[in-house]
Amino acid sequence: MVLLKMKFTQQRRVRLAQGLWLLSWLAVMCGAFIFCLGVYLKTELLRRAEVMDNAEIHVVPNILMMVGLASIGTNWVASRVCQDSMDASRFPRWKVLLLVWFGAAALLCCLLVAVVVLSYALQGRLEESLKVGLRNGIRFYKDTDVPGRCFQKETIDRLQMEFRCCGNNNFKDWFEVQWVSNRYLDFTSKDVKDRIRSNVDGRYLLDSVPFSCCNPASPRPCLQHHLTDNSAHYNYEYQAEELNLYSRGCRQALIDYYMDLMNSTGPGVLSVILIQISVLVSLRYLQTAVDGAMALENPEGNSEGYLLEKGLKETLEEVKANVLDMLKFGQVDPAAEESPEAAGGEKAADSPTEKAASPPSTS
Amino acid sequence: MAVLKVKFTKTKRDKLAQVLWILNWISVVTGILLFSLGLFLKVEINKRGELMAERDVQYVPNMLIAVGLIACAINFLGGKICYDCVDAAKFLRWKLIMLPYLICTFFFTFCVLVGAVMCYAMLGELQEALELGLTRAMRFYKDTDLPGRCFLKRTVDLLQIEFQCCGNSGYRDWFQIQWVSNRYLDMSQKEVLDRFRSNVEGKYLMDGVPFSCCNVNSPRPCIQHQITNNSAHFNYEHQTEEQNLWMQGCRQALLHHYSSITRSIGLTVLVTWLFELSVLTGVRYLQTSLENVLRQGDPNSESEGWLLERSFIETARTNLNIIKSLGKSNQIDAAAHADPNINAPSTSKAHYGPDDVPPRPGPAASCQ
């Protein structure tokens, strides 16, 4: 009971080979596209690596790059097989390689599906990583004289200006952190001393934000300091003021940006999966049809192509039996080590059983 | 005595025609490139249109766009002509058009050269436009409630952030204008009123700059207000502080940006001009060699090609005479100067002149 049998005339076989050759070159280009996509995503993630705590999200672009390269190779092999399929002398040498090829192509499709799933599943981890990274960035904003942290100020300022965001969740995060270094605080001044004393940890906290939180679209020159004090500025109401600073938090801004990026690549990846599956199915039909034609007396006659010779369950059981046989063949038999003739006899006894097992799968 | 004479065999002529066909198609591509470069320049200038005063700098990208389109058309026609030139019979179709085509292309390459020169000459006018435009934009920075000017604050802020610059020539330009609107000044406070009164024109001036002047690379939180007052900030010296604000003026920054664009565009146009000139020379050789072949009668024979049939001075003289005679063909020619063998109309009866008198009717023909 053959799975999805189709009849093939000589002309249909030739057309299938030509069409599949074009399709496999298209799949090669799709593989290159997937690779470039992976590279782009990785560079975007690396650019903001300073505000990310861990690199778990990098598994998505890494898989994309590997799959892209592997897909280029596999589909190039498929195009070579198509070229040789019309030549009866050259086609048989691809027999064993095709089995491996089918396995590899199926694996690539599974990996691509996994990438799509992962890009959604890892969103939570990305958010955690950004939360910790941004918190550290804000905490070390003032440490421009400490080696290893001296660029945090520049990083956070540029990030806030580019993504139009302020703080981790919102601008109030800056109220909880001392972002003015002690180097620039006049410790002889009464104001400064009072403020430091009033804080439990001895930190100089302000209700102010850095200049990079300022919104250029505000009609009013930016108010950075004494934000919660309505009387400090003329005609100013802290609760009603919306345009003065960026209202969005940087974590949300970055998550939105990266999710947009991965979502926009989703349709591309899905169409590449479809193309790869169609190459796989077409190559299987071509292989079985050409094999059938070569077994006939008249190679130009009609032959049948199918996906699986037996039904799905029977094929799986056969594959299991083959694999077990191969494992048994690899085992070292203690009796065979002592007598080489017995080993030769065993080998002679094993090979017919293997030969009996292999023809059903390769015919 | 022809200028730069070259002998052409049949194979050489054919190869020249094929090479010129390919070169013409490459020139079509460079024409498209010129067009897109002109479009790019136009977009870049319009992006900062609010910061440029009314100076006519649009003529440069417009000329590049026009030149690009005309280059496409001319080289497309040239490609068709060269494709047909391999066959002497098809060349007859184009024989009459080729000389006018060559003259047009020659003037067109001259236009390309003018375009390249204009790219470099544009910068002077651009500097003036930017200076006036930036002054105006900074003056209206505070007018976020006036229609037509309400986006200038945002434009100037984004410009200073993107180009890492402050003010027109430097940050001190902000000290000379009032950039805080009266809407946000508490007129009941003594300090505010004092400041207003101390200024001749009644403007609220301060030694402060907007937040967009702040330098991201500064190790210290940005000092925007009371910049010249050393005692207002701890451990601060106004004269030696260089990293606090952006030091470059925006006019300089924008000019630098535009000059790098126009310089690279100018270079590309010059290279295109040289390429067009070489294609023109090739087509001229092809035309003259094919005409000589037709004159000799045998399509497979060798022929000569040249740039000009006679020397440069003689050709110029001949052309001037042709142009003069074109003007003269409408004039009435006096019989004394006319050569009866050439100027046939002077001997006909219908030609009246100062010496010719209409024939008097004879006594027999008089009407009575």
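For the stretch B:217-241: of the residues being more than 8 Å from chain A (Cβ to nearest Cβ) and either in a helix (DSSP H, G or I) or within 40 Å of the chain's Cα centre (by Cα) (or both), which is farthest from B:MET52 (Cα to Cα)?
Checked the stretch B:217-241; the qualifying residue farthest from B:MET52 (Cα to Cα) is B:SER231.
Among the residues of the stretch A:48-96, what is the count of those that are more than 23 Å from A:ALA121 (Cβ to Cβ) and assigned to a helix (DSSP H, G or I)?
22
I need the full set of residues from the stretch A:134-153 which are in a loop (DSSP other than H, G, I, E, B), open to solvent by less than 30 Å² (accessible area, probe 1.4 Å) and either away from chain B (no Cβ under 12 Å) or charged (D, E, K, R) (or both), in order please.
Passing the criteria: only A:ASP143.
Please count how many residues of the stretch B:236-281 are under 26 Å from B:LEU308 (Cβ atoms) and among the hydroxyl-bearing types (Ser, Thr, Tyr).
Here the count works out to 3.
Quick one: how many residues across the stretch A:154-176 are open to solvent by less than 30 Å² (accessible area, probe 1.4 Å) and without any contact (Cβ under 8 Å) to a residue 24 or more places away in the chain?
Looking only at that region, the number is 0.
Here is a list of conditions, (1) closer than 22 Å to A:SER218 by Cα; (2) open to solvent by less than 30 Å² (accessible area, probe 1.4 Å), and B:LYS142 meets all of them except one; can you say which number that is?
(2)
Just need a number here: residues in the stretch A:207-266 that are of a type in the set (Asp, Glu), over 37 Å from the mean Cα position of the chain (by Cα) and over 20 Å from A:LYS153 (Cα atoms).
The total comes to 4.
Kindly provide the set of residues from the stretch B:153-175 that are open to solvent by less than 10 Å² (accessible area, probe 1.4 Å) and not in a loop (DSSP other than H, G, I, E, B), ordered by number.
B:LYS153, B:VAL156, B:ASP157, B:LEU159, B:GLN160, B:TRP174
Tell me yes or no: at least one residue of the stretch B:77-92 is under 14 Å from the mean Cα position of the chain (by Cα) and open to solvent by less than 70 Å² (accessible area, probe 1.4 Å).
Scanning the stretch B:77-92, I find no residue that is under 14 Å from the mean Cα position of the chain (by Cα) and open to solvent by less than 70 Å² (accessible area, probe 1.4 Å), so the answer is no.
When residues of the stretch A:205-219 are filtered for being facing chain B (nearest Cβ under 7 Å) and open to solvent by less than 20 Å² (accessible area, probe 1.4 Å), how many remain?
So the count comes out to 4.
Of the conditions (1) at pLDDT 90 or above; (2) surrounded by 18 or more Cβ atoms within 10 Å (Cβ to Cβ), B:ARG13 satisfies every one except a single condition; which number is it?
If we test B:ARG13 against (1) at pLDDT 90 or above; (2) surrounded by 18 or more Cβ atoms within 10 Å (Cβ to Cβ), just (1) comes out false.
Which one is most open to solvent (accessible area, probe 1.4 Å) among residues in the stretch A:177-191 that are in a helix (DSSP H, G or I) and facing chain B (nearest Cβ under 9 Å)?
Here the answer is A:ARG183.
Determine the pairs where a residue that is free of Cβ contacts under 8 Å to residues at least 60 places away in the same chain, located within the stretch A:220-248, has a partner that is part of a loop (DSSP other than H, G, I, E, B) and among the aromatic types (Phe, Trp, Tyr) with Cβ atoms under 6 Å apart, the partner being 6 or more residues away or on another chain.
What qualifies is A:THR228/A:TYR238; A:ASN230/A:TYR236; A:ASN230/A:TYR238.
Considering only residues that are on the phi < 0 side of the Ramachandran plot and surrounded by fewer than 11 Cβ atoms within 10 Å (Cβ to Cβ), look in the stretch B:199-212 and name the one that is farthest from the other protein chains (Cβ to nearest Cβ).
The extreme case among them is B:VAL200.
The values are calculated or read from the model by the stated rules, or taken from the named source; none is laboratory data. Just so you know, these numbers come straight off a predicted model, no measurement behind them. Here Cβ is always computed from backbone atoms with ideal geometry, including for glycine, and neighbour counts include all displayed protein chains. Calculation scope for accessible area: heavy atoms of the full protein, side chains included, ligands and nucleic acids excluded. Shrake-Rupley method; radii C 1.70, N 1.55, O 1.52, S 1.80 Å.
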